[in-house]
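Rule-based calculations on the coordinates, nothing more; no lab input. Remember, it's a predicted structure, so these values are computed and weren't measured experimentally. Every residue, glycine as well, gets a Cβ built from its backbone with ideal geometry; the counts of neighbours run over all protein chains shown.
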Amino acid sequence: MNTLTNLELAQLLRKMAAAYQILDENRFKIIAYERAADSIEHLTSEVKDLWDDGKLDEIPGIGQQIAKHIDELFRTGHITHFDAVMKRVPPAVFPLLLIPGIGPKKAYKLVTELDIDGKEEAVRLLAEAARAHRIAPLDGFGEKSEADILAAIETYNKGEIKENRMELPLADSIAQEVIVYIKKLGSQVIEKIDVLGSLRRQVATIGDIDIAVATQKPDTVIARFVTYPHQKLIEQGPTGASLLLHNGRQVDLRVQNPPSYGAMLQYFTGSKNHNIKLRSYGLTKGKSLNEYGIKDVKTGKMRSFGTEEEFYKELDLPWIAPELREDKGEIEASAAGKLPQLLTRADIKGDLHIHTNYNLETSHDLGTDPLSAYLDRAAGLGYKYIGISDHNPSVTKHTASQIVEIMKRRKDYYDRQTQGKNVHVFVMCEVDIQPDGKLALPDSAFDFVDAVIVSIHSSFTQTRKEMTARVIAALIAHPKVRIFGHPTGRLLTKREGVELDWKEVFAVCKERNIALEINAYPQRLDLPDSIVYDARKEGLKFCINTDSHATSQMDMMRYGVSVARRGWCEKRDIVNALEYNEFRSWLLKN
DNA sequence: GCCGTTTTCGGCCCGACTGTTTTCAGTCG
C-alpha cells in the first residue's frame, strides 16, 4: 500500500467508526473517528506528506492513538488493531451503509438476521429479502420500513445518490424559483425568507438547498411549500419539510417565528463543524445553543434572537460572515477581534482574463463578443481596467515566425480599438503550459503583449513530481508571466484537479511576485478556497478573473469573490482590487 | 479517542423526524 489518498484514509476511519457503533463502543470514541475522517477529508495537503515530515499531530482531530495507527498503515500497509476489530463485523454491512436510511445498527441487524453474506452481493440480497417480505417480521422493523428499504435501494441503484452535487448558478436559480413560489403567500405571512446552508456559505458545489422563513403562520408556509411541484415529499413536520424535486434536487425548508429567526439563520447556515465548535464555545460560557435561541445552563432560562448579530453578540462574539463558518479558526479569530475585513465585489477594479472574438487562430475556443462589447460591460461593472487574454495561436498549425506575426497584428488591432476609451486595456494572452513545461508562445512574441497568464490545458494526469516541475518551468520561463491561470485545472463534478507540490509552487510565485488566479467561472472556482486559505497564509497574492468567453459571463465575478472570501482574503490580498496605476506597476513590474 | 483562556481528567452539540414503539432507537443534518 504505497499510496493511500486522503479520501481513502477518511473512508477507512469512517468504516472503523461504523464498526465501533455496531460493537457498542463508547460513543465519543465513535465521534472521534468520524471527526478524524472529516478532518482528513478537508485537508489540503496529503496525509502521506505530513507523515513523511513527522507532522501527523498537526491534523486537528488526530491524537496519539489514531496517529499511531496511521503511522503503522504507512509503514506496513495495514493496521493490526483495525484488522482485529473488522474481524468482529461481517463485511456485508459496509455496502449497505451507502443506502439512505440505513446506518450501522440496522445494517448489522439485517445482515445477521437475514444471513446476508458477501460484500459484492449484499445490496442485491437485501432487495431480494425485502421483496420476499422477510424484513417486516424482524424486531424493530415493519411493513413501512421494508417498503422504504426497497425504495431506497431502487433510488440507489439508479445512481441518484447524495453525492450528486450542483454548481452555484444552478443552485441559485432553483432556490430563487422556490422562494418566489413561497413568497406568493404575501409579506403578511412571509416576514423574512433566506437561502441558507452551503449556498449561503457559497461552497463551490451544493448538495441540498436550504431555505428558512420567518413567519407567525408556520403551518400555512409549510402547506404552501409542499405544493411546489415535486417528485417526492421526503419528510414533513411542524418545523419544516423536505422535497425531492423532479430534477433530482432536494430542497429543505425550515420555519421559525420572527423573534427566534436569528437562531434559525445561524443554525441552518452551518457548517455543521462551525456549529459544533460554536456550541462547545457557548458551553464554556455556561450557554447552551440550539436553533431556537440560547439557554443559560444554570437558570434554564432561554433567550431568543431576531437576528444573527444578536445571537453571536450573546456569546460576546462579533458576527462572523457565512463564508468563514467552516471551523477554520473563525470563532477564535472573532473572540480575539481578529476577523479579516473580507473582500467585497465592489473592491474589484478589473477583470484580466477575457476572451474576445478576435481570431488569432488558436486551437482553443474564441470568445463570442468583440472588445467593444466587453469595454461597455466593464464600464457598467465599474471597472477601471481589463485584460484581454485570448488563447495563444495554435502551435501545431503555425511556425514560430507566423505566431509572432499573428501576435503583432493582434496588438496593432487592439491598440487601435482602445484609443479614447475610459476603461484601460492590457493586451495579454493566455499561454498554454505544454507537457514539458515550455510555453506555447515564442520568446519574440512576448514583445506584443503586456503580460501573460499561463495555464494547463492538456496532460492533466502527470505525476505530482512531473507536474510540479512542469509548472515551475513555465512560471520562470519569461518575466512577463504574471498570473498562474486556473491552477488546479479542475472541472467541478467532472474532473479532479492536478497533483502539485503547492509549497514549491507558492515559493516560486512569491519570489517572482506572480499572482495565483482565482478563476470565477462556476465550473472551475480554481484555486479552490482551501488552497486560497493556505496560500494567503504564505503571503501569496491573487487575481480574480472570470475567464469570460461572452460579456454576460463577466457577471460571474461574484463567485470568484466568494472563493476569495472563503479563503479569508482581504482587499490587500487581491491584485485586481488595486487602483489602475498600482495595478499597472504590479503587472508590468515597474 | 480527542482535548484544554477554569482542566492532563472528565468532559465531549443539539434537536427533528420516522417507525416502531408504549418511552425509545436509529438516522440525519
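How large are Rg and Dmax for segment A:34-182 when only the alpha carbon atoms are used, in Å?
Expressed in Å, the Cα Rg and Dmax of segment A:34-182 come to 20.5, 58.
Please tell me which of these pairs span more than 26 angstrom C-alpha to C-alpha: A:LYS480/A:LYS571; A:LYS184/A:LYS313; A:LYS29/A:LYS537; A:LYS192/A:LYS298?
A:LYS184/A:LYS313; A:LYS29/A:LYS537; A:LYS192/A:LYS298
With 25 Å as the cut-off, how large is the P(r) tail for segment A:465-590, expressed as percent of Cα-Cα pairs?
20
Do you know the relative contact order of segment A:353-413, to the nearest whole percent, from alpha carbon pairs under 8 angstrom that are 6+ apart?
39
Please report, in debye to the nearest 20, how large the charge dipole of segment A:38-169 is about its Cα centre when each Lys and Arg carries +1 at its beta carbon and each Asp and Glu carries -1 there.
Taking the Cα centre of segment A:38-169 as origin, the dipole is about 440 debye.
Measure nothing but the geometry: give the 0 to 90° angle between the long axis through the Cα atoms of A:143-157 and the longest principal axis through the Cα atoms of chain A, rounded to 10°.
Orientation of helix A:143-157: about 20 degrees from the principal axis.
Specify the angular offset, from 0 to 90 degrees and rounded to the nearest 10, of the alpha carbon long axis of helix A:6-22 from the longest principal axis of the alpha carbons in chain A.
Here the helix axis deviates by roughly 10 degrees.
Going from the alpha-carbon gyration tensor of segment A:61-135, what semi-axes, largest first and in whole Å, does one get by taking the root of 5 times each eigenvalue?
32, 12, 10
Rounded if a/c is under 1.5, else prolate if a/b beats b/c, else oblate: with a ≥ b ≥ c from the C-alpha gyration tensor eigenvalues square-rooted, which is segment A:1-47?
Oblate is the answer for segment A:1-47, as a/c is 1.5 or above yet b/c matches or exceeds a/b.
Which of A:GLN236, A:ALA67, A:SER173 sits closest to the plus end of the dipole of chain A, meaning its Cα is farthest towards the positive end, when Lys and Arg get +1 and Asp and Glu get -1 on the C-beta?
Farthest along the dipole direction, towards plus: A:GLN236.
Summing Lys, Arg as +1 and Asp, Glu as -1, what charge do residues with Cβ under 14 Å from the Cβ of A:LYS571 carry, A:LYS571 excluded?
For residues surrounding A:LYS571, the net value is +1.
How large is the convex hull of the C-alpha atoms of segment A:271-330 per residue, in Å³?
In segment A:271-330, the Cα hull volume divided by residue count equals 76 Å³.
Say each of A:HIS42 and A:ASP555 gets a label point 7 Å from the Cα, pointing the same way as Cα to Cβ; how far apart are those two points in nm?
That separation, rounded to one decimal, is 3.2 nm.
Order of A:ILE453, A:ILE276, A:ILE320 from fewest to most other C-beta atoms within 10 Å?
Sorted ascending by nearby Cβ count, the order is A:ILE276, A:ILE320, A:ILE453.
Relative contact order for chain A: what is it in percent, counting Cα pairs under 8 Å that are at least 6 residues apart?
9
Within 10 Å of each candidate Cβ there may be at most 14 other Cβ atoms; applying that plus a DSSP loop requirement, which trypsin sites (Lys or Arg not before Pro) in segment A:447-539 survive?
Counting only loop positions with at most 14 other Cβ atoms within 10 Å, the trypsin sites (Lys or Arg not before Pro) in segment A:447-539 are A:LYS494.
Taking only the C-alpha atoms, wrap a convex hull around chain A and report its volume per residue in Å³ as a whole number.
184
Determine which aspartates and glutamates satisfy two conditions relative to A:LYS68: a Cα distance under 13 Å, and not lying fewer than 8 residues away in the same chain.
Result set, ordered by chain and number: A:ASP57.
Given the rule -39500 (n - 2.57) for each run of at least 4 DSSP H residues, summed and divided by the residues of chain A, what is its mean residue ellipticity at 222 nm, to the nearest 500 deg cm²/dmol?
Helix-only estimate at 222 nm: -12000 deg cm²/dmol.
With a sphere of radius 10 Å drawn around the Cβ of A:ARG377, what net charge do the other residues whose Cβ falls strictly inside it have (Lys, Arg +1; Asp, Glu -1)?
Around A:ARG377, the charge tally is -4.
Holding the Cα-Cα limit at 20 Å, pick out from A:LYS408/A:LYS589; A:LYS465/A:LYS503; A:LYS15/A:LYS503 the pairs that are longer than that.
From the list (A:LYS408/A:LYS589; A:LYS465/A:LYS503; A:LYS15/A:LYS503), the Cα-Cα distance tops 20 Å for A:LYS408/A:LYS589; A:LYS15/A:LYS503.
Could you state the angle between the C-alpha long axis of helix A:122-131 and the longest principal axis of the C-alpha atoms of chain A, as a value from 0 to 90 degrees rounded to the nearest 10?
Between helix and principal axis, roughly 50 degrees.
Sorted by packing (mean other beta-carbon atoms within 10 Å per residue), highest first, where do A:546-556, A:111-121 land?
Top of the packing list down: A:546-556, A:111-121.
Roughly how compact is segment A:193-342, stated as its Cα Rg over 2.2 N^0.38 Å to two decimals?
Working it through for segment A:193-342, the quotient is 1.09.
Could you give the Stokes-Einstein D for segment A:290-409 in µm² per second, using the C-alpha Kirkwood radius, 4 °C, 1.567 mPa s?
66
Which residues among segment A:273-314 fall inside the zone where the amide N is under 18 Å from a point 7 Å beyond the Cα of A:LYS537, along Cα→Cβ?
A:274, by backbone N distance to the label point.
If each residue's Cβ is checked for other Cβ atoms within 10 Å, how do A:PHE484, A:PHE268, A:PHE82 rank with the fewest at the top?
Result, fewest neighbours first: A:PHE82, A:PHE268, A:PHE484.
Kirkwood hydrodynamic radius, computed over distinct alpha-carbon pairs, for segment A:380-419: how many Å, to one decimal?
12.0
By the scheme Lys and Arg +1, Asp and Glu -1, what is the net charge of all other residues having a beta-carbon under 14 Å from that of A:GLN419?
So the surrounding residues net to +1.
Grab the beta carbon distance between A:ASN581 and A:LYS183, set R0 = 51 Å, and tell me the FRET efficiency rounded to 0.05.
Efficiency for this residue pair is about 0.65.
Give me Rg over Rh for segment A:466-532, both radii from the alpha carbons and Rh done the Kirkwood way, two decimal places.
Rg/Rh: 0.96.
For segment A:177-246, what log10 I(q)/I(0) values come out of the Debye formula at q = 0.15, 0.16 1/Å, with one point per alpha carbon and no solvent?
-0.49, -0.56
If you rank A:ARG345, A:ARG131 by fewest surrounding Cβ atoms within 10 Å, what's the result?
A:ARG131, A:ARG345
Mind ranking A:65-73, A:185-193 by how tightly packed they are, going by the mean number of other C-beta atoms within 10 angstrom, highest first?
Taking the mean over residues of other Cβ atoms within 10 Å, the ranking is A:65-73, A:185-193.
Normalised by the residues of segment A:437-590, what does the relative contact order come to in percent, with Cα pairs under 8 Å and at least six apart?
Value for segment A:437-590: 20 percent.
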